[in-house]
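The values are calculated or read from the model by the stated rules, or taken from the named source; none is laboratory data. Because the structure is predicted, anything quoted here is derived from the model rather than measured. Cβ placement follows ideal geometry from the backbone for every residue including glycine, while neighbour counts extend to all protein chains displayed.
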Amino acid sequence: MALLTSSANLPKRSRALCDTEPMQSPLQAPTAATDPKSVKVNLTAGTGVDIEWADGHVSHYSFVYLRNACPCAMCNEERDKAGRKPGEPPKPAPGALPMFKPAAKPVSAEGMGKYAIRFKWNDDHDLGIYSWKFLREVCPCEECKAAQRGTVG
Ligand SMILES: [Zn+2]
Ligand SMILES: [Zn+2]
């Protein structure tokens, strides 16, 4: 299997790890579908994250969607209990008034090595590490949603 060679279009990646290849589990090895060509985090505009993938696919995620898709153990468990898919907003309890919360927005975002991005959210939550692979899996575009529906079951 050929390794991807680097190109001038790779996203800005943290160089904090100097020259040694960061340890990467085989699960995180990027393929064209999980290797972003460019990543834009529109923190100031608040419009979300845009990723262009090496295979040409383009994904857009709103911050609220990403918050609801938080892949940390705590949020995973919460979603499991409620039967929600990553990115699905929590359902209010029947009869309960909706709680007014400010829309989820990251206060900061940082790259985690070559394979992931981590957000610190305005509700102080910062446990979720969003790998590119995960982000591609939860791409909310019509095409990917249709494909996800097609493979379920
Ligand atoms: Zn979380
Ligand atoms: Zn998509």
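Scanning the stretch 51-87 for residues that are of a type in the set (A, V, I, L, M), away from ligand 2 (no atom under 16 Å from the Cβ) and touching a residue at least 40 places away in the same chain (Cβ under 8 Å) yields a count of 3. Test each condition in (1) at pLDDT below 95; (2) away from ligand 2 (no atom under 16 Å from the Cβ) for F119 and report the one that comes out false. All conditions are met except number (1).
Any residue in the stretch 65-81 that is away from ligand 1 (no atom under 16 Å from the Cβ) and not in a loop (DSSP other than H, G, I, E, B)? Within the stretch 65-81 (the criterion being away from ligand 1 (no atom under 16 Å from the Cβ) and not in a loop (DSSP other than H, G, I, E, B)), the answer is no, since none of the residues qualifies. Within the stretch 30-58, the set of residues being among the hydrophobic types (A, V, I, L, M, F, W, C), touching a helix residue (DSSP H, G or I) at 6+ places or on another chain (Cβ under 8 Å) and in a loop (DSSP other than H, G, I, E, B) comprises A33 only. G150 falls short on exactly one of the conditions (1) part of a helix (DSSP H, G or I); (2) at pLDDT 95 or above; (3) not hydrophobic (A, V, I, L, M, F, W, C), and that condition is (2).
In the set (1) closer than 17 Å to D50 by Cβ; (2) within 16 Å of ligand 2 (Cβ to nearest atom), K105 fails one condition alone, (2).
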